[in-house]
Amino acid sequence: MKAYRDLAPSPRIIMTPGPVEVDPRVLRAMSYPVLGQFDPEFTWLMNETMEMLRGVFQTANKWAYPVDGTSRSGIEAVLVSLIEPGDKVLVPIYGRFGFLLAEIARRCGAQVTVMEREWGGVFPQEEIIEGIMRNRPKLVALVHGETSTGRLQPLEGIGRACREQDVLLVVDAVATIGGVEVAVDAWAVDAVIGGTQKCLSIPAGLAPVTYNSRVETILLKRKRIERGLLMEDAEDTKDFVAIRSNYLDLSQLQDYWGPARLNHHTEATTMLYALREGLRLTLEEGLENRFARHARHESALAAGLLGMGLELFGDPSCKMPMVTCVRIPPGVDGESVRTMLLEHFGLEIASSFGPLKGRIWRIGTMGYSCSKRNVLLALGALEAALLRHGVSLPPGEALQAAMDVYAIGSG
Ligand SMILES: Cc1ncc(COP(=O)(O)O)c(C=O)c1O
């Protein structure tokens with residue numbers, strides 16, 4: 001029999017916009033014994049996780065629970081559960097993940113209208129509100145933090161405008177939850193999808209979602225209980241279109257997460273331990289402290305990159321604190337630099353997609369990876385790699401500039 005080596009992944013410094021390094025306490029939580037999914041000890045953990053999710057989403061919504069699957073499963077669950085074929089959906093797009101929202105909405109049968117913005121900026125809120133008035137959609141789907149370009153879309157006014165027009169607002173906060181404010185209730189957002197593998201520093205595999213009663217009303221109208229779970233020969237006579245996915249049907253998932261505990265999928269219990277521990281750590285640090293930590297390390301990183309003579313990409317007025325995009329200097333092979341960083345320093349940064357592929361690097365400062373140690377290591381390593389690639393830069397300036405920022409912070 002072929003002998004396979006022991007699994008021994010190299011320790012990495014992960015400075016991408018996700019996945020990022022996982023807090024060892026989360027990894028420890030994942031090593032605990034599996035519980036049955038209806039064991040009262042486990043359902044208690046489910047309830048606690050819902051409570052903690054409400055805290056992180058800053059919401060009083062009854063429903064806040066994870067969908068099993070990566071963040072995209074949460075997006076798909078919300079959209080497929082809300083959209084009936086022919087529904088009008090408006091998607092303002094300012095990067096790759098806006099296109100993903102439009103793509104999923106189309107697959108749900110929506111009549112999708114998109115508004116597009118050049119990559120590197122966001123929309124003035126009035127422009128989106130005008131788009132809503134013009135198109136009168138059932139639903140607007142929008143990315144809060146666009147990791148492909150490192151931009152943060154302001155949302156405060158959009159939710160209120162949607163509410164006035166009786167339009168649903170669905171927000172992808174996959175990259176922002178736990179790193180910057182996502183005030184679900186204050187911003188009047190109807191459904192939000194968060195990500196685990198970014199600012200919450202939990203492995204990928206669950207997609208926390210929250211939604212309000214406006215969403216729940218639609219779900220309950222479309223709800224169908226699986227035939228095999230019904231006690232009697234109940235005939236389905238409802239005249240609405242059933243939710244097209246079984247796995248991602250939020251009306252069934254909420255019955256599993258709610259007091260009915262109706263059987264749906266088999267819960268990924270180990271991932272739930274990870275989510276619970278990651279949320280616990282987030283709340284223990286405090287949301288405001290966590291946001292301040294992300295902002296502080298972003299400042300040091302940006303100062304260091306500028307000190308090295310590099311140019312940041314995108315409109316600075318809407319920059320995401322947890323993703324910094326840098327233009328690749330002319331004549332430099334961006335992939336070769338990334339390979340050198342990984343091979344020599346065990347450090348990973350990201351490239352980008354579509355029109356930005358080969359033009360920028362994206363450096364993440366998210367969750368457990370968002371630390372002084374990592375920022376200083378990344379700057380030192382990048383400087384060394386660029387010098388090796390023949391870039392002329394002022395040696396040592398980057399680290400000094402970053403350390404100056406840290407010195408102010410600690411003074
Ligand atoms: C803003 C945003 N939305 C959605 C996704 C999709 O998430 P996942 O890869 O976890 O399915 C990502 C992943 O990078 C993202 O950055």
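For the reader, a short list of remarks on this structure follows.
The rows are residues; the columns are (1) farther than 26 Å from residue 364 by Cβ; (2) crowded, with 18+ Cβ neighbours inside 10 Å; (3) touching a strand residue (DSSP E or B) at 6+ places or on another chain (Cβ under 7 Å).
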| site | (1), (2), (3) |
| --- | --- |
| 32 | yes, no, no |
| 36 | yes, no, no |
| 43 | yes, no, no |
| 48 | yes, no, no |
| 59 | no, yes, yes |
| 62 | yes, no, no |
| 81 | yes, yes, no |
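- Residue within segment 146-166 that is within 11 Å of the chain's Cα centre (by Cα) and in contact (Cβ under 8 Å) with a residue 40 or more places away in the chain present: yes
Per-residue answers, yes or no, for (1) away from the ligand (no atom under 16 Å from the Cβ); (2) at pLDDT below 95; (3) crowded, with 16+ Cβ neighbours inside 10 Å:
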| position | (1), (2), (3) |
| --- | --- |
| 195 | no, no, yes |
| 203 | no, no, yes |
| 211 | yes, no, yes |
| 215 | yes, no, yes |
| 226 | yes, yes, no |
| 233 | yes, yes, no |
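- Applying the set (1) surrounded by fewer than 16 Cβ atoms within 10 Å (Cβ to Cβ); (2) away from the ligand (no atom under 16 Å from the Cβ); (3) not basic (Lys, Arg) to residue 103 leaves exactly one unmet item: (2).
- Unique match (being farther than 27 Å from residue 19 by Cα and in contact with a strand residue (DSSP E or B) (Cβ under 7 Å, 6 or more places away or on another chain)) among 244, 261, 214: 214
- Verdict on residue 117 being surrounded by fewer than 24 Cβ atoms within 10 Å (Cβ to Cβ), within 20 Å of residue 155 (Cβ to Cβ) and within 12 Å of the ligand (Cβ to nearest atom): no
- Members of segment 279-311 found to be surrounded by fewer than 20 Cβ atoms within 10 Å (Cβ to Cβ) and farther than 24 Å from residue 178 by Cα, listed by number: 306, 309, 311
- Taking the criterion of being more than 13 Å from the ligand (Cβ to nearest atom), surrounded by fewer than 24 Cβ atoms within 10 Å (Cβ to Cβ) and in a loop (DSSP other than H, G, I, E, B), the residues of segment 164-186 that qualify are 165, 166, 167, 181, 183, 185, 186.
- Residue check: residue 91 meets all listed conditions (1) crowded, with 23+ Cβ neighbours inside 10 Å; (2) away from the ligand (no atom under 16 Å from the Cβ) but one, namely (2).
- When residue 392 is tested against (1) on the phi < 0 side of the Ramachandran plot; (2) surrounded by 19 or more Cβ atoms within 10 Å (Cβ to Cβ), only condition (2) is not met.
The values are calculated or read from the model by the stated rules, or taken from the named source; none is laboratory data. These figures come from a predicted structure and were not determined experimentally. In this analysis, Cβ positions are derived from the backbone assuming ideal geometry, glycine residues included, and neighbour counts consider all displayed protein chains.
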